[in-house]
Amino acid sequence: MEVNERRIPEVFFAIILVILLIILVFLFTGISATGKSTSTTSIVSDSYNVNSYNTNYYSSYALPSAIKYVQDKDYSKHYDKTYRYLKYSEKAEHKTYESVFGNEINKYYVYVKNKDYKSGYFTVKFNFYDYCGKTKTVSVRHYIKPGEEKRFFYQSIYSDKYEYHNWDYQVISETKISR
């Protein structure tokens, strides 16, 4: 009699476990009660928002406007393809220190503030000119949020303090936004 009383809870838990496993199988495979898949996807090609370096798969219900542009081959009436780069302000600073070993340490700073409503990437190209006319260029890239200012920094330690006699920089806004 003891054996049967102990088996009733074990059988009950086994049935619950089987039911939970069946429910989990249905949840993870995405099969609904009708037997059809719940997710439908279609590939949008030749659209203005699909570029050559990024193959995106869009749901057919998510982008009806993109499908409309694929069907209408006259893009100029529906979408203006003019872009502009992010607006920014800039300022630069150069500091020189002498190290413990007598080397000259030059620190070059360029501060860039994103003055646009969208985040994006900015690159600062530091150009260093020596006395022989040679140019050394170093690029530093940062992602800047709207209204935020980032410091682009380059440091060089010279054993000869006359290695570079002049420097300048160029700020490049890499992110394009539509007008």
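The values are calculated or read from the model by the stated rules, or taken from the named source; none is laboratory data. Note that the structure is predicted; figures quoted are calculated from it, not measured. As a convention, Cβ positions derive from the backbone with ideal geometry for all residues, glycine included, and neighbour counts pool all protein chains shown.
Key figures
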{"quantity": "Residues that are surrounded by 14 or more Cβ atoms within 10 Å (Cβ to Cβ) and among the hydrophobic types (A, V, I, L, M, F, W, C), drawn from the range 154-171", "calculated": "Trp167, Val171"}
{"quantity": "Within the range 136-170, considering residues that are part of a loop (DSSP other than H, G, I, E, B) and under 19 Å from Ala92 (Cβ atoms), the one modelled with the lowest pLDDT", "calculated": "Tyr164"}
{"quantity": "Where Lys95 falls short, out of the listed (1) more than 29 Å from the chain's Cα centre (by Cα); (2) touching a residue at least 60 places away in the same chain (Cβ under 8 Å)", "calculated": "(2)"}
